[in-house]
Amino acid sequence: RTSKEYVKPFLDEVRAPNGTVLSRPLGVPGQDHPHHTGLFIGVDELNGIRFWFGSERIENVSVTLLNKPGDTAAGMKIVNEWLDRNRVPLLREDTVITVYPNRLLAYDITLAAVDSPVTIGDTEEGFLGFRMIDSMRELEGGEVVNAEGLKSAAQCWGKTSNWTDYYGNVDGETCGIALFDHPNNFRPSRYHVRDYGLFSVSPFGERSYTEGRLPASPVRLSPGENLRLRYGVYFHSGDTKAAEVDRIYKRYVEQSR
């Protein structure tokens, strides 16, 4: 969805292999955190602007399909502009999403400062996020597990890991979403995972995610300088073991060297 009726672009009606929609419906009265829309990118504290929360706009410039005859995966390039309070582009986002037949989405994101310096502060509110339907969430009996074997949103929150998986009940079947952190990112990312159904991964909160045990480590970009980030998002049937999350993670890394 790229309409300007929304404060940022996002993927909506994201489906499990059985066709069931896993992303939370939009615009339901009384929803908590209405800025959690589908599968989205954003971060707060970028030059003091709360793009995750939606204080200012991320506007789409273009969406280009990258498919060629014979391709076994689908692809698209998305260009967005992150606008400051005067509606001037502060950051340019170039994101390539490759969609594999097994419902693995590979995100290759480049953030570039446009005409002025950009500082991404230390915050837990970011970066690549997904808001799932309520029946999947831990509050309704869902499960969270990471590559180190930690279980529960509380145990996995703020931790670094190759992957974290979140699965639960969807119309009587088990479905899940796993987030993969690419090993070539500039630092290991941490998982912002909540029992109420928010699930995201971010490299921008060293102090926030460790509750002060590590110092803040803001990221600064000079005009024309860019930062590349890569993540995998794997929508699957079954629990972590049945979906072979660890094997799919290793395959993702091999495919995206």
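Which one of 223, 37, 95 is farthest out on the positive end of the charge dipole of the chain, using unit charges on Cβ (Lys, Arg +1; Asp, Glu -1) and the Cα centre as origin?
223
Taking only Cα atoms and a 10 Å spring cutoff, compute GNM fluctuations for the chain and point out the largest among 108, 171, 195.
171
Using 1/(1 + (r/R0)^6) with R0 = 41 angstrom and r between the beta carbons of residue 239 and residue 88, what's the FRET efficiency to the nearest 0.05?
Using R0 = 41 Å, I get an efficiency of 0.30.
Let's see if you can work this out: charge +1 on each Lys and Arg Cβ, -1 on each Asp and Glu Cβ, no other charges. What is the dipole magnitude of region 102-257 about its Cα centre, in debye to the nearest 20?
The dipole of region 102-257 has a size of about 520 debye.
Compute the distance from the alpha-carbon center of region 118-133 to that of region 180-250, in whole Å.
Distance between centres, Cα-based: 9 Å.
Using the Cα gyration tensor of region 1-130, with a ≥ b ≥ c the square roots of its eigenvalues, what is the shape: rounded (a/c below 1.5), prolate (a/b larger than b/c) or oblate (neither)? Please list the in-between numbers first.
Working: a/c = 2.06, a/b = 1.29, b/c = 1.60.
Oblate is the answer for region 1-130, as a/c is 1.5 or above yet b/c matches or exceeds a/b.
In straight Cα distance, which lysines are under 19 Å from residue 159, not counting same-chain residues fewer than 8 positions off?
The qualifying lysines are 151.
Between residue 68 and residue 255, what length comes free when the chain is fully extended (0.36 nm per residue of separation minus the Cα-Cα distance, one decimal in nm)?
65.5 nm
Starting from the Cα gyration tensor of region 178-236, take the square roots of the eigenvalues, sort them a ≥ b ≥ c, and report rounded, prolate or oblate (rounded when a/c is under 1.5, otherwise prolate if a/b is larger than b/c, else oblate).
On the way: a/c = 2.28, a/b = 1.23, b/c = 1.86.
In terms of gyration-tensor shape, oblate.
Mind putting a number on the dipole of region 90-157 about its Cα centre? Charges go on the C-beta only, +1 for Lys and Arg and -1 for Asp and Glu, and I need it in Debye to the nearest 20.
220 debye
Taking only Cα atoms and a 10 Å spring cutoff, compute GNM fluctuations for the chain and point out the largest among 127, 40, 186.
Maximum fluctuation in the GNM of the chain, among the listed residues, is at 186.
Can you list which of the trypsin sites (Lys or Arg not before Pro) found in region 184-225 are DSSP loop residues with at most 13 other C-beta atoms within 10 Å?
213
Put +1 on the Cβ of every Lys and Arg and -1 on every Asp and Glu Cβ in region 12-88; which of 52, 14, 73 then has its Cα farthest towards the positive end of the dipole?
Looking along the dipole axis, the top candidate is 73.
Would you work out the charge dipole size for region 1-126 about its Cα centre, treating the Cβ of every Lys and Arg as +1 and the Cβ of every Asp and Glu as -1, and quote it to the nearest 20 debye?
Details: 13 positive and 18 negative charges, 100 e Å.
So the magnitude is around 480 debye.
Please give, to one decimal in nm, the separation of the simple spin-label points placed at residue 21 and residue 186, each 7 Å out from Cα toward the Cβ.
Simple spin-label model gives 3.7 nm for this pair.
Sort 6-13, 241-248, 45-52 for me by packing, meaning the mean count of neighbouring Cβ atoms within 10 Å per residue, highest on top.
Ranking, from highest mean packing down: 45-52, 6-13, 241-248.
Where a number appears in this text, it was derived from the coordinates with a stated rule and is not lab data. Owing to the predicted nature of the structure, the values given are computational and were not obtained by experimental measurement. Cβ coordinates were reconstructed from backbone atoms using ideal geometry, including for glycine residues, and neighbour counts include every protein chain displayed.
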